[in-house]
Each structure stands twice: as C-alpha cells, then as structure tokens.
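Worksheet for the structure shown next.
The values are calculated or read from the model by the stated rules, or taken from the named source; none is laboratory data. Model, not experiment: these values are computed from the prediction. Backbone-built Cβ (ideal geometry, glycine too); neighbour counts: all protein chains shown. Calculation scope for accessible area: heavy atoms of the full protein, side chains included, ligands and nucleic acids excluded. Shrake-Rupley method; radii C 1.70, N 1.55, O 1.52, S 1.80 Å.
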Amino acid sequence: MAVVTDQAARHAVMPRLFSRGALALVLGIYTLYTLGPFLWLATMSVRTTAEISADHYAWPRPFHWEQFRSAWVDSDFATYFWNSTLVVVGAVAIVTLIGAAAAHALARYRFRGNRLIYGILFSSIIFPPQITLISLYQILVDYNLYNSLLGLSLVYVSLQLPLTVYLLEGFFARIPQDLFDAAKMDGYGDLEIFWRIVLPVGMPAIATTLILNFIQLWNEFLFAVVLITDPEKRTLPIGIRAFMGDHFQDIGMIATGVMISVIPVIIAYVFFSEKLIRGMTAGAIK
Amino acid sequence: MPEAMALNVKTSDREASTSARSLADPRRASRVVLAIFLAPALLVYCGLTAYPAFRTIFDSFFTIEGVEASFVGLANYRELVADETFWIAVRNTLIWSFVAPVLDVATGLLLALALYAGVPFARFLRVAWFTPVLLSYVVVAILWMWIFNYDWGVLNVMLRAVGLDSLAASWLGDPNLALASVIVTHAWKWAGFNMVVCLAAIHSLPREVLEASELDNCGWGEKLRYIIVPMLRPTLLSLYILAFIGKMKIFDLVWIMTQGGPLWATETVSTYVYKRAFNWNTFDLGYPSAIATVWFLVVCASVVILNRLLGTKERLEY
C-alpha cells in the first residue's frame with residue numbers, strides 16, 4: 001500500500017518537475033530573445049568599430065565611453081538630439097493642452113453635436129498616414145513650413161490629437177460632477193474650472209498621455225523623413241538612418257548613436273512605466 | 001469596465017434631475033466657452049487632418065508635377081488596376097495583416113499567462129519582455145539587420161555553431177525569406193505590447209470565476225480554454241483588430257530594412273506610395289495620391305467589416 005502511494009506520488013511529481021524545467025527553459029530563451037539584441041547593442045556602443053569587426057560578440061574591454069562624446073560632437077548626434085527634443089516637447093505640450101481642452105468640453109458639457117465632434121476627432125486614429133502625408137508635404141511647402149521644425153511639430157500635434165482626446169475624455173468624464181457644481185457655487189467661471197480643477201484633478205491621466213505621446217513622437221519616422229530633408233533639421237530617427245546610409249561599415253558609431261536615441265525613452269519608461277502601460281491598455285480592454 | 005458603467009448610470013440620473021432646473025444647469029455652457037475649448041483642436045483637425053485627406057483624394061484625379069496640375073479623370077485609377085507592383089504590394093500587405101496579428105496576440109497571451117501563473121522573477125520578466133515596444137522602428141530595424149547579417153549575424157552564427165551551415169541564409173536578401181524575416185522582426189517588437197494588454201485584462205477578470213475553477217480542480221489547459229480565452233474574447237479581438245490596422249499601415253520597418261526589396265518581396269502599399277511620391281523621380285503626386293485613396297478606403301472598410309464579423313459590439317477603441 002505504502003509503495004503504491006509512493007509510486008503514485010513520484011509519478012505526479014516527475015512530470016511536474018519536468019514541465020517546470022521546460023517552462024523555465026522556454027521563458028529563459030524567450031527573455032534572451034527579447035533582451036539579448038538590446039544588450040548586444042549596448043556592448044557595441046562602447047566598443048570601437050575595429051574591435052567589433054575583430055569579434056562581434058566580445059565583451060567591451062576597455063569600455064570606450066569616448067564613443068558617446070564622438071557621436072555627440074563629431075557625428076552630429078547632438079544636433080539631431082536637440083532637434084528631436086524641440087519638436088517633441090513642443091508638440092507634446094501643445095497637443096496635451098488643446099486635447100485636454102477639447103476632451104473637457106466633450107466630457108462635461110451637453111450640446112448638440114457633442115458625440116459627432118468626438119467621433120470625428122477620434123475616427124482619424126485609423127487613417128493610414130499616406131492619406132494626409134502627400135498633401136501635408138504640399139501644404140507645408142506652400143506655407144514655407146517644409147524643412148522647418150515648427151511645421152513638423154504642428155503635424156505631430158495633429159497625429160497625436162485623436163489619442164489624446166480619447167484618453168483624456170474617458171478620464172475627465174469620470175470626475176464627479178459634484179466638484180463642478182461646488183466650483184460653480186463658489187463663482188468659478190467655465191475657464192477657471194478647467195484651469196484650476198480639471199487640469200490638477202486630471203493630472204494622472206495627463207501624465208499618462210504626456211508619456212505616451214512623448215515616446216510615440218520621439219520614435220516617429222515617416223512624417224519626419226518626408227517633411228525634413230535639411231541635414232541641420234533632422235530628428236534622431238532620420239538622423240540615425242541617414243548616418244547609417246553614409247557610414248554603413250561604422251557599426252560602433254551607429255550603435256552609439258542608436259543608444260543616444262534610446263536612453264531618453266528608457267529613462268521615461270523607468271520613471272513612468274505604470275502610467276505608460278495604463279495609457280496603452282486603456283484602449284484595448286473593455 | 002463595470003465601474004465606468006455604474007458611473008454612467010449615475011450621471012444620466014443626475015442629468016434627468018438637473019434638467020428640471022435647466023437655468024443653472026452646470027452641464028450647459030455658452031457657445032463662446034465651447035468654442036474656446038473646442039476651436040483649437042478642431043482647427044488642427046481641419047487644417048492638418050481633414051483638409052489634407054480631402055486634398056489627397058481630390059489630387060488623385062490629377063497629374064501633379066510641381067505646381068502644374070492637369071485633370072486626368074480616372075486615369076490614375078486605371079493605371080493602378082494594371083500596375084503589377086501595386087498588386088504585389090497589396091498581396092504582401094494582406095499576408096502580413098492576416099498572419100502577423102495571430103502571431104502577436106498568441107505570443108502576448110501566452111506571456112501574460114506565464115506572468116499571471118506566477119513564474120519567478122515576474123517583475124523582471126515583464127520589463128524584459130516589454131522593452132522592444134519602447135524601441136523605435138529605426139532602432140529595431142538596424143538591430144535586426146545586424147542579426148540577419150549573412151557573415152556575422154547572430155542567426156547565421158548560431159546555425160553554423162550547431163553545424164547547420166546549410167540553413168544559414170541571406171535572410172533579407174532572399175526573396176523567399178525576406179517577408180517572413182521582416183514579419184518576425186515586427187512580431188519581436190509588438191509581442192510585449194500584447195502581453196501587457198492581456199495581463200491587464202486577465203487581472204480585471206472577476207476573481208470568483210477563476211477561484212471557483214481552481215476549487216473544481218480545473219487544469220491550466222481547461223481553465224485557458226473554457227474560462228480565460230472566452231472571457232478575454234473582447235480584448236483579444238480588439239488586439240487583433242488593432243494589430244491588423246497597424247499592419248495595413250506598416251512602413252518604417254520595411255523601408256529601413258529592405259526598401260521593399262529584394263524584387264518587391266517585401267513591398268507594402270505604404271512603401272510603394274512613398275516610393276512613387278518621394279523616392280522615384282517621377283515628379284507626379286497624383287498617382288501616389290490615388291494609391292493612398294484606395295488604401296484609405298480599404299483600411300476603413302476592413303475595420304468596419306472586421307468589427308461586424310468578429311462581433312465586437314462596442315466601437316473599436318484606441
């Protein structure tokens with residue numbers, strides 16, 4: 001009797017142990033698959049191209065931190081970095097403000113055409129970019145905004161507007177009406193209510209849209225490549241791509257440039273991962 | 001989201017009660033106030049989304065060389081029907097749009113389940129699996145061009161290391177392998193996004209149902225098949241549609257990795273529009289406008305059809 005139960009127990013344990021091990025192996029391999037390329041890139045960014053050519057997979061020794069200085073100063077990555085910063089920070093600030101204003105009006109007030117305006121603003125989220133791209137090129141040329149960071153910023157505002165309105169409208173609609181009633185009693189005007197109640201109370205949602213918009217625009221490529229041709233005006237993604245086109249063999253410097261573009265995003269993610277993920281999941285979960 | 005629904009009910013109750021004293025209705029605002037709030041967004045929308053979209057559609061009936069535009073009627077569309085490259089691009093894009101979302105969503109769901117089941121180091125793994133989502137297409141493209149490199153790319157190095165030299169290939173240079181290689185790269189980037197959404201959805205499932213199934217000694221396979229997947233259906237469907245739309249628009253990754261080559265093997269509609277408008281020196285913006293118009297209609301129609309077909313009652317979000 002004792003032997004039978006012992007055997008039964010072993011039968012139950014053995015496959016479980018095996019499947020645990022197999023599972024750990026699969027997860028380990030998958031982790032290597034997602035993280036490996038990134039770590040490989042990180043090691044290459046502190047190695048010289050000569051070292052990389054000798055062995056593509058060696059550990060950096062010594063760490064050539066001066067690669068970053070050289071990418072920043074000699075290879076124009078500083079220019080691209082500041083262009084990106086200017087365009088993205090400007091666009092994110094504007095889109096958040098005007099998106100929040102629209103979202104507030106749509107969430108709070110009842111008026112004819114409320115849902116129609118919401119639908120119009122929101123629906124462009126499914127547009128393929130080409131439907132506006134070619135004409136935007138013509139329009140920006142007409143208005144002398146082609147090859148200008150201001151023009152690109154304005155286009156970026158329009159690109160992120162639907163998502164911003166969508167996320168903020170959903171959040172603002174859940175702010176209790178009592179808060180507004182009380183503010184009205186205290187004699188707050190409609191604009192004051194927006195400025196002094198909605199924006200502070202809505203801060204968690206606004207932070208979410210800020211970080212989501214920042215990462216998406218920081219990585220934007222298609223509109224930048226069409227609307228910017230002047231090397232002085234390049235943003236990071238097109239700057240890296242142009243550098244890669246010209247210096248195909250200079251792997252070390254490409255890796256360093258790529259790292260420069262990745263670092264702000266990683267920093268943003270480290271500090272705001274919860275907010276970013278909340279924004280990304282907001283749409284897809286019902 | 002049940003709590004949101006509860007709130008909705010509450011507010012509509014209040015709407016009914018306040019309409020009685022409509023004079024002081026806090027949900028009313030003067031036209032001036034509404035205009036101040038809505039005008040900037042509508043202005044941006046009209047000027048930089050609606051007007052360009054209409055102009056592209058309008059332009060598709062013209063041949064446009066610089067400032068010279070001459071009306072050609074439907075000639076661009078007739079040319080399009082006979083354009084073999086366009087149809088190759090359509091085929092590639094459709095293959096991509098139907099195949100890749102299954103890959104993305106399935107991987108995402110499995111990863112989310114692993115985290116939900118409480119594997120060790122779950123916090124670390126969640127971050128590690130999510131990292132690719134943060135990287136721009138330029139970064140992802142460069143990384144994977146190196147991974148696919150014939151001489152020293154990771155893939156071929158590993159194949160040679162285990163003695164499978166014959167399988168080592170020029171992944172992006174071979175017309176038979178290029179599309180699959182780019183699709184794998186794209187899946188690498190997006191699996192983490194689907195994982196995060198699935199994980200959030202699993203966590204928002206009612207606990208009682210999952211606990212009850214555990215009491216009933218439901219195995220993981222059964223739990224997955226009979227409880228989790230059916231309850232996650234709306235999330236999985238919207239993820240599928242979201243991925244589908246994303247693939248219909250795909251440009252950046254393909255453009256940087258292969259420029260649509262070799263021999264149009266990875267050409268997508270987006271890269272073809274870009275080539276015709278800005279890359280080939282054809283100096284005509286009318287024809288690419290026609291492609292963009294057709295594709296715009298195809299994407300809109302697909303979203304409507306998919307929504308109907310997959311039975312998502314709610315409007316598509318995100």
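A few points about this structure:
- The distance between label points at A:Arg110 and A:Phe63 comes to 6.2 nm (points 7 Å beyond Cα on the Cα→Cβ vector).
- Local electrostatic count, A:Thr34, Cβ distance below 12 Å [Lys/Arg +1, Asp/Glu -1]: +2
- Among the chymotrypsin sites (Phe, Trp or Tyr not before Pro) in region B:263-308, those located in a DSSP loop and surrounded by at most 14 other Cβ atoms within 10 Å of their own Cβ are B:Trp280, B:Phe283.
- Efficiency of FRET from Cβ geometry, B:Met158 and B:Leu306, R₀ 45 Å, rounded to 0.05: 0.75
- Pairwise label distance in nanometres, B:Ala180 with B:Asn279, each label 7 Å out on the Cα-Cβ vector: 2.4
- For A:Ser123, A:Ser84, B:Ser204, the ranking by accessible surface with the largest value first comes to B:Ser204, A:Ser123, A:Ser84, using a 1.4 Å probe.
- Per residue, the Cα convex hull of region A:22-176 amounts to 236 Å³.
- Per-selection metrics, the protein assembly as shown (Cα): Rg and Dmax in Å: 26.3, 96
- The distance from the alpha carbon centre of region A:64-116 to that of region B:36-96 is 26 Å, rounded to a whole number.
- Here the ratio of the Cα radius of gyration of region A:133-285 to 2.2 N^0.38 Å is 1.35.
- Centroid-to-centroid separation of region A:194-214 and region A:144-178 [C-alpha atoms, Å]: 12
- Accessible area in square angstrom per residue, the protein assembly as shown, 1.4 angstrom probe: 47
- In region A:81-114, burial by the other protein chains removes 20 Å² or more of 1.4 Å probe accessible surface, compared with the chain on its own, from A:Ile98, A:Ala101, A:Ala102, A:Ala105, A:Arg108, A:Tyr109, A:Arg110, A:Phe111.
- Each of B:Ala50 and B:Ala106 was given a label point 7 Å from its Cα along the Cα-to-Cβ line. The distance between the two points is 4.3 nm.
- When the other protein chains are added to the chain by itself, burial of at least 20 square angstrom of heavy-atom accessible area (probe 1.4 Å, ligands and nucleic acids ignored) affects these residues of region B:32-48: B:Val33, B:Leu34, B:Ile36, B:Phe37, B:Leu38, B:Pro40, B:Ala41, B:Leu42, B:Val44, B:Tyr45, B:Leu48.
- Carbon/sulfur fraction of accessible area - the protein assembly as shown, other protein chains in place, 1.4 Å, %: 67
- Pairing chains B and A buries close to 9000 square angstrom of accessible surface in total, based on protein heavy atoms and a 1.4 angstrom probe.
- Measuring with a 1.4 angstrom probe and ignoring ligands and nucleic acids, B:Tyr150 comes out at about 110 Å² accessible.
- Computed E for B:Cys218/B:Phe98 - FRET, C-beta separation, R0 30 angstrom, nearest 0.05: 0.40
- Of all stretches in chain B that contain no trypsin sites (Lys or Arg not before Pro) in a DSSP loop with at most 12 other Cβ atoms within 10 Å, the longest one is B:1-312.
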